[in-house]
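As structure tokens, the structure follows; a few thoughts come after it.
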Amino acid sequence: MEQAREFVTTMATAQADVPGDWLQIAVARTEDGSLIGDCAFAPQAHEARTVEIGFTIAPEHQGRGYARAAVSLLLRYLFGQLGKHRVVASCDTRNAPSARVLEAVGMRREGHLVESTWSKGEWSDDLLFAILSREW
């Protein structure tokens with residue numbers, strides 16, 4: 001519990017646009033403020049105008065549009081307020097719902113990496129997605 005408190009404090013006070021550093025942002029339901037997941041982003045260390053994003057929604061809240069809404073808001077922030085050029089994301093090929101979210105917000109599939117990630121005791125493939133500011 002103490003580690004969780006420290007992590008929340010760190011994220012709440014972290015700078016939002018540090019190349020190479022991930023910033024996690026809570027995703028909460030507007031109806032009651034309950035925490036249902038998070039979005040995260042990290043400007044690339046070698047090119048800060050390119051940002052990698054990720055997202056997680058608790059299983060009991062999946063399939064209700066929360067991920068799409070959260071990722072859309074994150075893209076608006078990255079392109080609108082931070083002036084980023086390119087946003088990238090990846091997901092396991094077995095995670096079809098995440099791929100659908102990325103496509104639904106306008107990201108295009110740019111690649112398929114074969115056996116690129118060791119996960120849960122086996123090699124898995126990754127799909128690569130991206131969107132440019134002019135496409136947003």
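Every read-out reported here was derived from the displayed coordinates using simple, explicitly stated rules and does not represent laboratory data. Owing to the predicted nature of the structure, the values given are computational and were not obtained by experimental measurement. Reconstructed Cβ throughout: ideal geometry from the backbone, glycine too, with neighbour counts over all protein chains shown.
A few points about this structure:
- Chain lengthening between THR93 and ARG29 when straightened (0.36 nm per residue, less Cα-Cα): 20.3 nm
- CD proxy at 222 nm, helix term only [per DSSP H run n ≥ 4: -39500 (n - 2.57); per residue of the chain; nearest 500]: -7000 deg cm²/dmol
- Straightening the chain between ARG68 and ARG49 buys 4.6 nm, computed as 0.36 nm per residue apart minus the Cα-Cα spacing.
- Cβ-derived FRET efficiency at R0 22 Å, ALA58 paired with GLN3, nearest 0.05: 0.70
- For the chain, the longest site-free run once GluC sites (Glu not before Pro) in DSSP loop states with at most 15 other Cβ atoms within 10 Å are removed: 48-136
- Summarised in one figure, the compactness ratio Rg/Rh of the chain, Cα atoms and Kirkwood Rh, is 0.96.
- Percent antiparallel among DSSP beta bridges (both partners in the range 41-136, rounded to 5): 85
- Backbone geometry of the range 49-61 corresponds, through the Karplus equation with coefficients 6.51, -1.76 and 1.60 at θ = phi - 60°, to 3J(HN,Hα) couplings of 7, 10, 10, 9, 10, x, 7, 9, 10, 4, x, 6, 10 Hz, x marking Gly and Pro.
- Near ALA16, no amide H atom lies under 5 Å from its own; only residues 5 or more places off or on other chains count, and H is placed 1.01 Å from N.
- Positive-end residue, the range 16-135 charge dipole about Cα centroid, Cβ charges, pick of TRP22, MET107, THR93: MET107
- Here the chain is treated with +1 on each Lys and Arg Cβ and -1 on each Asp and Glu Cβ, and its dipole about the Cα centre works out to around 520 debye.
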